[in-house]
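Q: Could you have a look at this structure, given as structure tokens, before my questions?
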Amino acid sequence: MCPTRISGRTRRLAQSLRNDQTRGEKALWRALRELKADGVRVRRQAPIGPYVADFVVFSRKMVIEIDGDLHSLPEGQMHDRARDAWLTAEGFTVLRYSALEVDENLEGVVLDIRRRLSLES
């Protein structure tokens with residue numbers, strides 16, 4: 001394990017996920033890149049310890065996840081709980097949005113993220 005607690009396996013997974021984003025991840029990524037104008041840098045498919053976050057704002061310790069169908073299965077829910085507990089213990093806030101919500105209400109999701117980043121009132 002590296003001094004950063006990110007294994008080579010996790011780094012390779014992150015790279016693979018960046019190359020194979022879902023439609024919702026691509027759409028949200030395009031919108032989140034616009035936060036640069038507000039001084040907020042967002043990274044996509046970023047390794048954090050043993051996990052890979054869909055999106056992360058390291059300066060605000062905020063993780064943004066898009067949950068597809070697998071997250072509704074018992075195994076997925078158990079994994080998400082363990083992952084969220086680990087990230088929370090590391091000081092991160094975890095925001096979760098369903099893939100359907102991103103597909104149907106991208107503007108609302110982005111507005112909610114902006115509010116949580118204190119960029120909107």
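Q: Could you give me the residue pairs with C-beta distances under 9 Å whose first residue belongs to the range 45-68 and is in contact (Cβ under 8 Å) with a residue 60 or more places away in the chain, whose second residue is not in a helix (DSSP H, G or I) wherever it lies, and which are 6+ apart or on separate chains?
A: Listed pairs, sorted by first residue: Val57/Val40; Val57/Arg41; Val57/Val42; Val57/Arg43; Val57/Val63; Val57/Ile64; Val57/Leu117.
Q: Something else about it: Look at the range 39-64 and say how many of its residues are within 13 Å of Arg116 (Cβ to Cβ) and not in a helix (DSSP H, G or I). Even if it seems obvious, please write down each step before you answer.
A: As a first pass, look at the range 39-64 and keep what is within 13 Å of Arg116 (Cβ to Cβ): 40, 42, 55, 57, 60-64.
Restricting the remaining residues to those that are not in a helix (DSSP H, G or I) gives 40, 42, 55, 57, 61-64.
The total comes to 8.
Q: Also, quick follow-up: Could you give every pair whose Cβ atoms fall below 7 Å, whose first residue belongs to the range 102-120 and is under 17 Å from Thr22 (Cα atoms), and whose second residue is of a type in the set (Ser, Thr, Tyr) and surrounded by 18 or more Cβ atoms within 10 Å (Cβ to Cβ), counting only separations of at least 6 or pairs across chains?
A: Qualifying pairs under 7 Å: Val109/Tyr97.
Q: For Glu25, all conditions in the list (1) free of Cβ contacts under 8 Å to residues at least 40 places away in the same chain; (2) closer than 24 Å to Ser7 by Cα; (3) assigned to a helix (DSSP H, G or I) hold save one; what is the number of the exception?
A: Among (1) free of Cβ contacts under 8 Å to residues at least 40 places away in the same chain; (2) closer than 24 Å to Ser7 by Cα; (3) assigned to a helix (DSSP H, G or I), the lone unmet condition for Glu25 is (1).
Q: For the subset of the range 1-28 comprising residues that are of a type outside the set (Gly, Ala, Ser) and buried (at least 17 other Cβ atoms within 10 Å of the Cβ), which member is modelled with the lowest pLDDT?
A: Among those that are of a type outside the set (Gly, Ala, Ser) and buried (at least 17 other Cβ atoms within 10 Å of the Cβ), it is Leu17.
Q: Restricting attention to the range 29-54, and to residues there that are among the β-branched types (Val, Ile, Thr) and modelled with pLDDT of 95 or more, which single residue is surrounded by the most Cβ atoms within 10 Å (Cβ to Cβ)?
A: Looking at residues that are among the β-branched types (Val, Ile, Thr) and modelled with pLDDT of 95 or more, I get Val42.
Q: Moving to a separate point now. Considering the range 85-105 alone, what residues qualify as being more than 15 Å from the chain's Cα centre (by Cα) and under 16 Å from Leu28 (Cα atoms)?
A: Leu100, Asp103, Glu104, Asn105
The values are calculated or read from the model by the stated rules, or taken from the named source; none is laboratory data. All figures in this text were calculated on a predicted structure; none of them were measured in a lab. Backbone-built Cβ (ideal geometry, glycine too); neighbour counts: all protein chains shown.
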